[in-house]
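See structure below.
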Amino acid sequence: MAATRRGFLDRMLKAGAAMALGSPLIATRARKESSMTAHGDAGKWAVHRVGKIPAGYQVAVADVDGDGKPDILALSSEKSVIKWFENGSWESHPITLGTPKNISLAPLEWNGYKGHGVALATDFYLNDSTRGGTLWWAEPAKSRESEWNLSPIATIPTSHRLRWGDLDGDGRPELIDVPLLGSGAKAPDYNVGAPITYFRVPDAIWYGGGNSSGSKVVWERHLIDDSSTVVHGVRVLDWDADGREEILVASFEGVQGQKLKWEREHLCAGDQTSGEKRGSSEIDVGVLAGRRFLATIEPWHGDKVVVYFESKRGELWTRHVIDASFNDGHALACADFDGDGNSELSRTRNDLVPLPRTGRVRQEMGTPGFGHGYGGSGSRIGGHQWRWPLGHCCHRGLHRKCDMVRKPGITASNTGPYGV
C-alpha cells in the first residue's frame, strides 16, 4: 500500500546545505542549530563526504545489505560505474561496471519484498531518440566485492527516470519507466510523445530466486500514456487518497497527473513563453499551512522555481514564480527539513561553474507571522515568505530523505571532482 511505501526517491544536489561536488555527500542539520528566526534563517548544515564517483548523476538511499541502516547508491552518467556505499565505513562496493551511459536507478524497498534488488536504466542517448534505453534488474552477488547479477527487463529509448509505485492498490509495487522523449523526437520541438510505461514485478523476483533461478524472467509491460513531450520530472504518490498511487509528470506541456485507468488531468501549464525550452522540468509536492502545493523548475532545465496552488477544482492551478536567478536548473525536492510542519524546497543546478560555499540552495517557506524583511530573491505569496538561506549548488541530483545520523538530511552527487 502507498501508506507503507518506503521507496526513496532519487535526484541530485550540490548544496551549502549538502555540498557534494563529485563524491557522494550527506548533509545533515548541525547539532547546535539555530531555530528559524522571524527572517526565516535556518540552522547550519554539516557535510559528510562519503566517497568519489566520476561524473556523478543520480543517488538513492536504501538498506542494501539488510543490516537495518540506510546505504547510498550512486551512478556515473559518463563512466560505466554504479556503486553502493556501506553505511558506517562508507566503503564502496560495485553494483555494475559494465553498463554504458547510466541514467537512473531505483532500489526496491517495500513491505513483503525480502530481497535487495535495484532497477537500472542505461544506454541514454539524448541526440538519438531511437536508440538505447536498456532497463536492467540487478540483484546482489554472493560476495559484496563482486558485481551484481543483471537480467534485462526491456528496452525503451531515452528511458530517463525509474520509480516504484503501487498503482493498483494491491500492496505490491509496479516499476514505472518515464522516458525523456518519444522515439524519433528531434530538437528543437521534440514533438513525439514519450511512452510512460509500467512493469509488473514477476513472481520470481518478488518471492525470491530472481536472477539466480536460471529461468527467463518476463516483466509484464503496460503503456500508461504517450501524449506528453520532453518528460523530465516525475513524482509518484497517492494524490487522491484512494489507496492507489498516481503519477505526476513535468513535461513541455506543464504538469499532468496520471491514474491507472489512465485518466489524464492537466494541472499546470508551466512556462509556455520561453521559446524552444518550455513547460516544466521537475515536479514535487509540498504542504504550506495545511495547504498542498506543487513545486516545479521551469522551463526544461530552466531558471525558475515555481509553486502552484489549487484555486478552483477543474481549473489550472495558480502559478507563482518564487525565484528566477539561477541557470540550468535540474533537480528539486520538497521536505520538512526544520520540523515546523511546512515543506521546504531543495533545488540544484546542472552547470559546472565553480561556486563558493555561501549562496543560495534551499528554499525556505516561512510560516504565517514571519512578516519582516528578507533578502536575496525571496518573494511573498499568500502571506508567506520564500527565502534562499543556504549554500550554492551546481549538482545534478539530490535525494531528500537521508536519516544516516537520525537527523533530516540530503544526499547528493555531481559531475565535479568531489562525488557523493
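The values are calculated or read from the model by the stated rules, or taken from the named source; none is laboratory data. If you're wondering where the values come from, they're calculated on a predicted model, not measured in any experiment. Quick reminder, even Gly has a Cβ in these numbers, built from the backbone with ideal geometry, and neighbours come from all protein chains shown. These area figures cover heavy atoms from the full protein model, side chains too; ligands, DNA and RNA do not enter into them. Shrake-Rupley method; radii C 1.70, N 1.55, O 1.52, S 1.80 Å.
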Quiz item: Using modelled backbone amide H atoms (1.01 Å from N, in-plane), which distant-in-sequence or interchain residues come within less than 5 Å of V234's amide H?
Solution: A250, I283
Practice problem: Express the accessible area of segment 286-326 per residue in Å², computed with a 1.4 Å probe while the remaining protein chains stay in the model. | Solution: 43
Quiz prompt | Karplus (6.51, -1.76, 1.60) ³J(HN,Hα), θ = phi - 60°, over segment 109-119, in Hz, Gly and Pro reported as x | solution = 10, 7, 4, x, 9, 9, x, 9, x, 9, 8
Self-check item: Hypothetical label at T155: residues of segment 81-124 whose amide nitrogen lies under 19 Å (7 Å Cα-Cβ projection)
Solution: 98-104, 120-124
Quiz prompt | In segment 176-258, trypsin sites (Lys or Arg not before Pro) in a DSSP loop with at most 16 other beta-carbon atoms within 10 Å | solution = K186, K216
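What's the carbon and sulfur percent of segment 42-138's accessible surface, probe 1.4 angstrom, rounded to a whole number? Before the final figure, lay out each step's value.
Working: 1630 of 3430 Å².
Heavy-atom surface of segment 42-138 belonging to carbon and sulfur, 1.4 Å probe: 48 percent.
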Quiz item: So who's got an amide H within less than 5 Å of the one on G254, skipping anything under 5 residues away but keeping other chains? H placed 1.01 Å off N, in plane.
Solution: S280
Quiz prompt | HN-Hα J in Hz across segment 230-245 - Karplus 6.51, -1.76, 1.60, θ = phi - 60°, x for Gly and Pro | solution = 6, 8, 9, x, 8, 9, 10, 6, 7, 5, 10, 6, 9, x, 10, 7
Quiz item: Of the heavy-atom accessible surface of segment 269-324 (probe 1.4 angstrom), what whole percent is carbon and sulfur?
Solution: 47
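Can you give the accessible area per residue of segment 65-198, in Å², using a 1.4 Å probe? Spell out each step's value before the answer.
On the way: 4780 Å² over 134 residues.
It amounts to 36 Å² per residue over segment 65-198.
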